[in-house]
Amino acid sequence: MLKKLASLVLALALVPVAAFSASAASAPAAIKVEYNKKAIVFPDQKPVIRDSRTLVPIRPIAESLGFDVDWNEKTRTVTINKGTNNVRLVVTQKIAKKNGQTINLDVPAQIINQRTMVPVRFIAEALSYNVNWDQATQTVLIVDEQSSQPNASTEKPITNTEQKQPDANAANLIDRSSIKGKTFAIATIGLYRVSGSVEPGSDVVVTLEDNTFEVDVNSDGTFEFNKDTYDGIRNFTLKAEKGGKVDTFEGEFVSN
């Protein structure tokens, strides 16, 4: 009886050790990020893998690349600026805006431990850097576009190098010299106005962030669109369609 009891106690004592060993053996290696062969330090939240996509904290990476990063808690919007480049993305949305142009994300930006996390492809497409993945060391390798990183990756670089083909249906329906975007701020409310001229008879829509609005066009092609929403929107997209032809204009609001 004593011998059986001793065997049971020993077996129970070994269970946590065995479980810990199995867990340690199966735990994935920590994901690292390097910029031009220099490690980027993450003081709190580390890169993670979600839905088979590598997510990285955007602030420490963007600041290491020389960008200024701002966070708007009310609109849950990250704004990244460097020189003439402006990038905006909203948490939980699968798109970002770079200088008014839409960029699709693999997975939406999300908050993890109070840090905004973005798919690593965002670094390549929105911030214009070459991004590679070193499977052996579990490292994201970021390099300047003009730099090269030989023997660094077992995969194709994650770059946005595809050139868009001309749209056969494109047309000059928008009088670009007439388009004006103005914004007026009242407390936290933004009043936005887009006005100008298009080809008479065109169907026109204006897009603010991810919201699209139909615009009434006068018989002579002039129009004026007004919308009040939260303050902080910088860019707008104007699209005109007529007879199967499409014309798009990307504009920036001017504060009054």
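Table for the structure above
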| read-out | value |
| --- | --- |
| Distance (nanometres) between label positions extended 7 Å along Cα→Cβ at Lys74 and Glu214 | 3.1 |
| Segment Asn172-Lys38, extension gain: residue separation times 0.36 nm, minus the distance between their alpha carbons | 43.5 nm |
| Built amide H within the under 5 Å cut-off of Ile40, gap 5+ | Val33, Glu34, Tyr35 |
| Carbon + sulfur, % of accessible area of segment 183-256 - ligands and nucleic acids excluded, 1.4 Å | 45 |
| Table column - 3J(HN,Hα) (Hz), segment 87-101, Karplus curve with 6.51, -1.76, 1.60, x for Gly and Pro | 10, 10, 9, 10, 4, 6, 9, 9, 9, 9, 10, 10, 6, x, 8 |
| Integer Hz, Karplus 6.51/-1.76/1.60 couplings in order for segment 135-142, x for Gly and Pro | 5, 4, 9, 6, 10, 7, 10, 10 |
| Amide H partners (placed H, <5 Å) of Leu105, local residues excluded | Ile95, Ala96 |
| Per-residue HN-Hα couplings for segment 115-120 [Karplus 6.51, -1.76, 1.60; θ = phi - 60°; Hz; x = Gly/Pro] | 10, 7, 10, 10, x, 4 |
| Euclidean distance of C-alpha centroids, segment 72-127 and segment 183-256, integer Å | 23 |
| Amide H partners (placed H, <5 Å) of Thr139, local residues excluded | Lys32, Asp134 |
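The values are calculated or read from the model by the stated rules, or taken from the named source; none is laboratory data. Keep in mind that what you see is a predicted model, and the values were worked out from it rather than measured. With ideal geometry, Cβ positions are generated from the backbone for all residues, glycine too; neighbour counts draw on all protein chains shown. In case anyone asks, the SASA skips ligands and DNA or RNA and just uses the protein heavy atoms, side chains included. Shrake-Rupley method; radii C 1.70, N 1.55, O 1.52, S 1.80 Å.
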